[in-house]
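Notes follow once the structure below has been shown.
The values are calculated or read from the model by the stated rules, or taken from the named source; none is laboratory data. Computed from a prediction, not measured in an experiment: that's the story for all the values here. Quick reminder, even Gly has a Cβ in these numbers, built from the backbone with ideal geometry, and neighbours come from all protein chains shown. The accessibility values were calculated without ligands, DNA or RNA, using every heavy atom of the protein model including side chains. Shrake-Rupley method; radii C 1.70, N 1.55, O 1.52, S 1.80 Å.
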Amino acid sequence: MSDISKNNNSNINNDKEQAKDKALRKKANYISAKETSSISKRNKKIVDSFEAKRKRKNVQESEYTTTMRDPNNVVEFDDLHTYFFTDIGTVKAVDGVSFDIPQGKTVGVVGESGCGKSVTSLSLMQLVQRPQGQTVKGEIRFNDGGGKAYNIPDMPDDKMQKIRGNQISMIFQEPMTSLNPVFRIGAQINEVIELHNPEMNKDAVRKRTLEMLELVGIANAEGVYNMFPHELSGGMRQRVMIGMALSCNPKLIIADEPTTALDVTIQAQILDLLRNLKDKINSSIMLITHDLGVIAEMADYVVVMYAGRIVEKGTAHEIFHSPSHPYTVGLMESKPAINKRVERLYSIPGKVPNPINMPNYCYFRDRCNRAFDKCAGEYPPEIYLSDTHMVTCYRYAEDTKGEVDK
Amino acid sequence: MSENTNLLSVKNLKKYFPIKSGLLGGQKGAVKAVDGVSFDIPKGKTLGLVGESGCGKTTIGKTILRLHDKTEGEVVFDGVDIHSLSREELRKIRPRIQIIFQDPYSSLSPRMPIGEIIGEAVREHGIVPKEQFDDYITKIMRDCGLQEYHKDRYPHEFSGGQRQRICIARALALNPDFIVCDEPVSALDVSIQAQIINLLEDLQDKYNLTYLFISHDLSVVEHISDSVGVMYLGSLVEFAETDAIFGKPLHPYTQALFSAIPVPDPDIKMDRVILEGSIPSPANPPKGCKFHTRCRYAMDVCKVEPPRTIEVDPGHKVVCHLYDEEIMKNKENEK
């Protein structure tokens, strides 16, 4: 008899604990309507001040010109912060990102989805969803090649339109959705050229378009000129997108996952094309992808991002031969490689922290298998292992190096 | 190999989709999505199917499950031809063959809580008695790395990797012998991919599952499969043990496919075989060898005569004239 009652008791206790557990868990993710409205009020104030600054008329050119740190760079990201002000809190999508894109080189940006790599490139194009998305701090310096340098976040819309698509152009991930289905291929490329070169007449524009289509390896350029996007295969559409991006001789091409939606054989074609074109037109490429193989093949410099920050950057050689940050190492180990069989794939434990409530210590600490006491301190500083190889991890700091090995 | 060790054997399977046109819907032609495919999968093993998009990988998966009706051929599962079963018999065998779809975002009903998604078919098929139902679902969820309190949540509250775990749990709950994994990791991030692949492997060991693993990612296929079939335009062009095919790819298409994989090492500059053009239309495939339009070794005979299946090494089959001794001898004689 007593046995049964004991059992019952423990059952009740168990249930109580579970209920408590559930309530706590709910609380962590729960925001009351009152809180939401106060957050949105606060956000409106911040966002309005940014928008007011942006909407001014007759902004002096001196306000957005600046000087490059190194004139051989096309773009310099300097401590960029891009935040999204949402009703449940501020999402720090890009939180202090600095790296350079040198003239004629390819810079690869790697990271998982949601790490801020696309937002970084959109900030450069001023295409971040406004008004909730704002570049709150930092500079993006763009070298126009004519001796002038602009600070992109401060540029007014009409000036930015002269740069966007003209000097900086972008190739998007989905060639299916980024072409307009109701216009012919020729008309869509013509539009870009006409807009940025108003002095050209119709015949010249048409000639240029056909030239572009031939450049990207489309054999039947005349035929494709009169086709609609649905008549082309995925690889062909991506070629058209690349042709469109190149049509104004940009100084920088941003390729946002250009081959993710394509098959391996088509991917090889497109990568080959991009590599050849880069030599031909001498532009720089900012290549965004999560495929380490693609990066290794294309990039001269590599930037590894995690949760809105750069965890490691360096030349492709440094990153692939001596990956230093535990995240980079984990990323490389978790990708199965051909002709290198392992019993079990390494997988990084845990998941990316919630972007609204970021911890104040190293963002990767909770998932890191090499964390030690120091990691609970503030976010690790940038540590340079060589002139070009930077890593943010306490394992490599001078004063704590010894402790780790013990 | 005796018939008994193979859990599933597919014999000369064909699936054509009719092309209809005009007011009366007269048949104009057919898309030959799967055109004469044969393979066996022994119990407890994994077969990987690779190929470009549009080569018929998914159609094979669906035809095996009889989500599509076959046009010709046989699908024998554990001694029974699936396509000859009546509705009632098919319903009985369905729990033993499950599928995991590619996109975890669109394959879960947004209006159902997770417990219901996983449990619906369990209840329907009476896998466990009513009183054990709750415990059973919890156990399956634990096996797949989900927590008990997830039961009352809805799919939108989960990340991509967790949703894929739910899809796996749903398939596993019916206690299947065979699972078709249709690109289960393509939509996921690299680090999540590794978690899901490890999970699939663990479950295979634990429950002695047999997988048909469909993917276009060759490195994943190499990792998980025991044998690999390479498809091109609805037909298998090469079939072998994983080590054999990755060590010594024979078919020109397989070679091109393998050399197209980017290697994560900047110092290795691959001697790349780049295929020109794209895959021809399966409604009107080229005559002779289907691959001759893109093949760099194409000979005259390839344009006329379809190649035979040749067993180069034991278990390593390739469909190509280059390995057909008769044809190669004729060719040398002509010279």
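The table below lists the values:
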quantity	calculated
Pairs, first within 12 Å of chain A (Cβ to nearest Cβ) in region B:191-211, second in a strand (DSSP E or B), C-beta under 8 Å, six or more apart	B:Leu200/B:Cys181; B:Leu200/B:Tyr211
Near pairs, Cβ below 6 angstrom, 6+ apart or cross-chain, from region B:123-149 (within 19 Å of B:Ile168 (Cβ to Cβ)) to any residue that is surrounded by 12 or more Cβ atoms within 10 Å (Cβ to Cβ) and of a type in the set (Val, Ile, Thr)	B:Tyr136/B:Val128; B:Ile137/B:Ile118; B:Cys144/B:Ile168; B:Glu148/B:Thr138
Among (1) farther than 27 Å from B:Ala30 by Cβ; (2) away from chain A (no Cβ under 14 Å); (3) in contact with a helix residue (DSSP H, G or I) (Cβ under 6 Å, 6 or more places away or on another chain); (4) at pLDDT 85 or above - the single one B:Glu238 does not satisfy	(1)
Filter pass, B:Arg308 being touching a residue at least 40 places away in the same chain (Cβ under 8 Å) and either open to solvent by 80 Å² or more (accessible area, probe 1.4 Å) or among the β-branched types (Val, Ile, Thr) (or both)	no
Which listed residue is surrounded by fewer than 21 Cβ atoms within 10 Å (Cβ to Cβ), more than 7 Å from chain B (Cβ to nearest Cβ) and not charged (D, E, K, R), from A:Asn339, A:Asn357	A:Asn357
Which listed residue, of B:Leu90, B:Leu24, is among the hydrophobic types (A, V, I, L, M, F, W, C), at pLDDT below 90 and more than 27 Å from B:Val220 (Cβ to Cβ)	B:Leu24
Of the criteria (1) crowded, with 20+ Cβ neighbours inside 10 Å; (2) of a type in the set (Ser, Thr, Tyr); (3) under 30 Å from B:Thr242 (Cβ atoms), which one A:Tyr346 fails	(1)
Subset tally (residues that are farther than 30 Å from A:Lys34 by Cα and open to solvent by less than 30 Å² (accessible area, probe 1.4 Å)) for region A:74-97	7
Residue satisfying condition, being modelled with pLDDT of 80 or more, over 27 Å from B:Met328 (Cβ atoms) and β-branched (Val, Ile, Thr), within set B:Ile261, B:Ile268	B:Ile261
Strands (runs of 3 or more DSSP E) within region B:36-118 that include 3 or more residues within 19 Å of B:Leu172 (Cα to Cα)	B:97-100
Unmet criterion (only one of (1) within 18 Å of A:Asp158 (Cβ to Cβ); (2) touching a residue at least 60 places away in the same chain (Cβ under 8 Å); (3) surrounded by fewer than 21 Cβ atoms within 10 Å (Cβ to Cβ)) for A:Leu127	(2)
Restricting region A:234-257 to residues that are more than 26 Å from A:Tyr150 (Cβ to Cβ) and in contact (Cβ under 8 Å) with a residue 24 or more places away in the chain, the residue that is farthest from the other protein chains (Cβ to nearest Cβ)	A:Gly243
Hits in region B:215-230 (condition: within 11 Å of chain A (Cβ to nearest Cβ), aliphatic (A, V, I, L, M) and closer than 7 Å to B:Val50 by Cβ)	B:Leu218, B:Val221
Conditions (1) farther than 30 Å from B:Lys28 by Cα; (2) among the basic types (Lys, Arg); (3) more than 14 Å from chain A (Cβ to nearest Cβ): number failed by B:Arg296	(3)
Selection status of B:Glu201, among the charged types (D, E, K, R), at negative phi and crowded, with 22+ Cβ neighbours inside 10 Å	no
Region A:296-333, residues that are open to solvent by 10 Å² or more (accessible area, probe 1.4 Å), within 9 Å of chain B (Cβ to nearest Cβ), part of a helix (DSSP H, G or I) and farther than 14 Å from B:Ser191 by Cα	A:Glu297, A:Met298, A:His317, A:Phe320, A:His321
Answer residue from region A:238-267, given it is buried (at least 20 other Cβ atoms within 10 Å of the Cβ), of a type in the set (A, V, I, L, M, F, W, C) and over 22 Å from the mean Cα position of the chain (by Cα) and is nearest to A:Met212 (Cα to Cα) among those	A:Val240
Residue match in region A:153-174 (condition: at pLDDT below 85 and of a type in the set (Asp, Glu))	yes
Some residue of region B:143-153 being more than 14 Å from chain A (Cβ to nearest Cβ), open to solvent by 30 Å² or more (accessible area, probe 1.4 Å), modelled with pLDDT under 90 and part of a helix (DSSP H, G or I)	yes
Options B:Ser106, B:Ser53, B:Ser86: the member that is open to solvent by 50 Å² or more (accessible area, probe 1.4 Å) and under 21 Å from B:Arg165 (Cα atoms)	B:Ser106
Residue within region A:382-404 that is of a type in the set (Ser, Thr, Tyr), within 24 Å of B:Gln162 (Cβ to Cβ) and either within 12 Å of chain B (Cβ to nearest Cβ) or touching a residue at least 24 places away in the same chain (Cβ under 8 Å) (or both) present	no
Residue identified as within 14 Å of another protein chain (Cβ to nearest Cβ) and either farther than 11 Å from B:Met231 by Cβ or surrounded by fewer than 22 Cβ atoms within 10 Å (Cβ to Cβ) (or both) among B:Thr46, B:Thr63	B:Thr46
Some residue of region B:64-73 being acidic (Asp, Glu) and closer than 22 Å to B:Arg163 by Cβ	no
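The rows are residues; the columns are (1) within 23 Å of B:Thr210 (Cβ to Cβ); (2) of a type in the set (Val, Ile, Thr); (3) free of Cβ contacts under 8 Å to residues at least 40 places away in the same chain.
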site: B:Gly26; (1), (2), (3): no, no, yes
site: B:Asp35; (1), (2), (3): no, no, no
site: B:Pro42; (1), (2), (3): yes, no, no
site: B:Gly48; (1), (2), (3): yes, no, no
site: B:Gly51; (1), (2), (3): yes, no, no
site: B:Ile60; (1), (2), (3): yes, yes, no
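For (1) under 24 Å from A:Gln238 (Cβ atoms); (2) charged (D, E, K, R); (3) touching a helix residue (DSSP H, G or I) at 6+ places or on another chain (Cβ under 6 Å), each residue gets a yes or a no:
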| position | (1), (2), (3) |
| --- | --- |
| B:Ser259 | yes, no, no |
| B:Pro266 | yes, no, yes |
| B:Pro282 | yes, no, no |
| B:Arg296 | yes, yes, no |
| B:Thr309 | no, no, no |
| B:Val318 | no, no, no |
| B:Leu322 | no, no, no |
| B:Glu326 | no, yes, no |
| B:Glu332 | no, yes, no |
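One line per residue, one yes/no per condition, for (1) surrounded by 24 or more Cβ atoms within 10 Å (Cβ to Cβ); (2) over 26 Å from A:Ala316 (Cβ atoms); (3) touching a Leu at 6+ places or on another chain (Cβ under 9 Å):
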{"site": "B:Ser215", "(1), (2), (3)": "no, yes, yes"}
{"site": "B:Ser219", "(1), (2), (3)": "no, no, no"}
{"site": "B:Asp226", "(1), (2), (3)": "no, yes, yes"}
{"site": "B:Glu238", "(1), (2), (3)": "yes, yes, yes"}
{"site": "B:Glu241", "(1), (2), (3)": "no, yes, no"}
{"site": "B:Tyr253", "(1), (2), (3)": "yes, yes, yes"}
{"site": "B:Asp265", "(1), (2), (3)": "no, no, no"}
{"site": "B:Ser278", "(1), (2), (3)": "no, yes, no"}
